[in-house]
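What follows is a set of notes on a single structure, which appears directly below.
The values are calculated or read from the model by the stated rules, or taken from the named source; none is laboratory data. Computed from a predicted model, the values in this text were never measured in an experiment. Neighbour counts run over all protein chains shown; Cβ positions are idealised from the backbone, glycine included.
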Amino acid sequence: MPQSCDDIFNANPSSADSIYMIQPAGSAAPFEAFCSFVSGPQPAGGGWTAVLRAGSSPTMLGYDSTYWTTDDLFGSVSPGETEAKMMAFNTVVAHVGVRIFITAGGQTNGMIAPFTSGTSGTFKDLLANHAKTNAGSTAWAGLIAGSRLQTSTCGEGFNVGTSPNLRVRFGLLADDSNCGIPDSFIGVGSSDGGVATGNACNYSSAGCATTGDIPGFAYVSVR
């Protein structure tokens, strides 16, 4: 039994995007997972296991939702623009990075956020460990047409930011200078009052002056 979609890809690189049965190490029984497959060089090439679909408003996945920290699941494995937290979130160990697509304003764009060296774990564990990614602000901004970020990156990856300031479960925070109080983000599961998933730039600065909130819908998978 394959432990992840990457195992399926390695056994058959011509596999089609679909729902497959997988059983990660430590899982009591096999379960369904949606797999997407990418041919080509690293880090994109391989099998990606869907873990999460998240919207903005209304949403079950705002920053304070307990779904980020518990084993509880909801929603369907089948792809679509409905929120879901899947079994793979808790069980599939990722070694390469996170693949995220965001639909906003009728456009869907994607990117891969590679892990920093030596990083691995389930999505749940990566959140608990505040793991870092290194896609960079240009890649994050490319997810949403017309998005804006302030000039200084204050953190990128899992559980970025500290209370009572702006925080995001997975994404990038930015500020104008010293990152004392970040006012802009792109990502999934933010503490921003207007946008849980998407882009918010809420400060009258050179980085934020031309936009406000851009809500989005995110599709998140790991490898």
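With respect to the stated conditions, Pro58 fails to be more than 20 Å from Lys85 (Cβ to Cβ) and either out of contact with any Cys (no Cβ under 9 Å at 6 or more places or on another chain) or not assigned by TED's automatic domain parsing to the domain that holds Thr82 (or both). For beta carbons closer than 8 Å, sequence separation of 6+ or different chains, a first residue in region 41-69 that is assigned to a loop (DSSP other than H, G, I, E, B) and a second that is crowded, with 20+ Cβ neighbours inside 10 Å and of a type in the set (Phe, Trp, Tyr), the qualifying pairs are Gly55/Phe217; Ser56/Phe217; Met60/Tyr67; Leu61/Tyr67; Leu61/Trp68.
Suppose the filter is assigned to a loop (DSSP other than H, G, I, E, B), over 20 Å from Val195 (Cα atoms), polar (S, T, N, Q) and modelled with pLDDT of 95 or more; does Thr82 pass it?
no
Against the test of being surrounded by fewer than 18 Cβ atoms within 10 Å (Cβ to Cβ), among the acidic types (Asp, Glu) and either closer than 25 Å to Asn90 by Cα or over 17 Å from the mean Cα position of the chain (by Cα) (or both), the options Asp183, Asp213 yield a single qualifying residue, Asp213. In the set (1) part of a strand (DSSP E or B); (2) in contact (Cβ under 8 Å) with a residue 24 or more places away in the chain, the condition left unmet by Thr108 is number (2).
Checked against (1) within 22 Å of Ala196 (Cβ to Cβ); (2) surrounded by 16 or more Cβ atoms within 10 Å (Cβ to Cβ), Ala44 passes all but a single condition, namely (1).
Looking only at residues in region 21-38 that are within 21 Å of the chain's Cα centre (by Cα) and of a type outside the set (Val, Ile, Thr), the one that is farthest from Ser78 (Cα to Cα) is Pro24.
Conditions tested, residue by residue: (1) touching a helix residue (DSSP H, G or I) at 6+ places or on another chain (Cβ under 9 Å); (2) crowded, with 21+ Cβ neighbours inside 10 Å; (3) without any contact (Cβ under 8 Å) to a residue 12 or more places away in the chain; (4) at positive phi.
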| site | (1), (2), (3), (4) |
| --- | --- |
| Val93 | yes, no, no, no |
| Gly118 | no, no, yes, yes |
| Leu172 | yes, yes, no, no |
| Ser191 | no, no, no, no |
| Thr197 | no, yes, no, no |
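On the stretch given as region 6-38, residues that are exposed (fewer than 13 other Cβ atoms within 10 Å of the Cβ) and assigned to a helix (DSSP H, G or I) total 1.
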